[in-house]
Amino acid sequence: CSAGWESYDDNCYSLIKTDALTWMEAEGQCKEWGAHLVSILSQNEMDFIHDLLVQNEVFNTGTYIGLTDTDEEGIWRWVDSGQKAIYSYWEVRQNTYSEPDGSFLENCAVILLSSLRGHRSWRDVPC
């Protein structure tokens with residue numbers, strides 16, 4: 001991997017902290033670098049991403065991932081491959097609600113990492 005990128009399972013990852021961007025703008029920026037927003041295909045990869053966020057102290061703010069249902073509502077696909085998301089880590093709260101919950105208004109996804117107890121989950125957000 002190039003300088004500033006981390007290697008995991010034959011892929012390269014970089015956490016970019018920037019001013020507020022939309023999901024579309026963030027994916028566009030990644031494409032300019034020959035990359036995409038991250039696809040998370042397994043628990044091990046989720047653990048790696050979690051550790052990367054913790055090392056960089058990215059808490060209580062959403063970090064975009066390459067997951068969207070803009071093409072077909074409710075069918076979440078990875079932007080780099082178009083594959084349906086098989087593995088997921090959507091937030092579920094006891095008897096109140098679960099993610100994704102945004103209907104037609106929230107078609108992109110973030111990881112939200114809480115500094116309290118290391119809670120982590122995915123949420124759908126507006127693109």
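For Ser2, indicate whether it is in a loop (DSSP other than H, G, I, E, B) and at pLDDT 95 or above. So that I can check it myself, show each step before the final result.
Working: in a loop (DSSP other than H, G, I, E, B): yes; at pLDDT 95 or above: no.
No: the conditions fail for Ser2.
Among (1) among the hydroxyl-bearing types (Ser, Thr, Tyr); (2) more than 27 Å from Leu105 (Cβ to Cβ); (3) out of contact with any Cys (no Cβ under 7 Å at 6 or more places or on another chain), there is one condition Ser7 misses while meeting the rest; what is its number?
Of (1) among the hydroxyl-bearing types (Ser, Thr, Tyr); (2) more than 27 Å from Leu105 (Cβ to Cβ); (3) out of contact with any Cys (no Cβ under 7 Å at 6 or more places or on another chain), only one is false for Ser7: (3).
Can you report the number of residues in segment 48-86 which are closer than 22 Å to Gly4 by Cβ and surrounded by fewer than 13 Cβ atoms within 10 Å (Cβ to Cβ)?
Selection size over segment 48-86: 5.
Give the residue, chosen from Ile16, Ile65, that is assigned to a strand (DSSP E or B) and either of a type in the set (Val, Ile, Thr) or farther than 17 Å from Leu113 by Cβ (or both).
Details: Ile16 fails: assigned to a strand (DSSP E or B).
Exactly one residue qualifies, and that residue is Ile65.
Looking at segment 20-41, which of the residues that are out of contact with any strand residue (DSSP E or B) (no Cβ under 7 Å at 6 or more places or on another chain), at pLDDT 95 or above and not in a helix (DSSP H, G or I) is farthest from His119 (Cα to Cα)?
Restricting to residues being out of contact with any strand residue (DSSP E or B) (no Cβ under 7 Å at 6 or more places or on another chain), at pLDDT 95 or above and not in a helix (DSSP H, G or I), the top hit is Ala35.
Could you identify the single residue in Leu67, Leu113, Leu105 that is within 28 Å of Gly34 (Cα to Cα), of a type in the set (A, V, I, L, M) and at pLDDT below 90? Spell out the reasoning first.
On the way: Leu67 fails: at pLDDT below 90; Leu105 fails: within 28 Å of Gly34 (Cα to Cα).
Going through Leu67, Leu113, Leu105 in turn, the sole match is Leu113.
Is there any pair with a first residue in segment 1-26 that is closer than 19 Å to Val79 by Cα and a second that is surrounded by fewer than 13 Cβ atoms within 10 Å (Cβ to Cβ) and of a type in the set (A, V, I, L, M, F, W, C) whose Cβ atoms are under 9 Å apart and which are 6 or more apart or on different chains, and what are they?
If the second residue must be surrounded by fewer than 13 Cβ atoms within 10 Å (Cβ to Cβ) and of a type in the set (A, V, I, L, M, F, W, C), the pairs left are Asn11/Cys1; Cys12/Cys1; Tyr13/Cys1; Ser14/Cys1; Ser14/Trp33; Ile16/Trp33.
The values are calculated or read from the model by the stated rules, or taken from the named source; none is laboratory data. Values in this document were obtained by computation on a predicted structure and should not be read as measured data. Ideal geometry is used to build each Cβ from the backbone, glycine not excepted, and the neighbour counts take in all protein chains shown.
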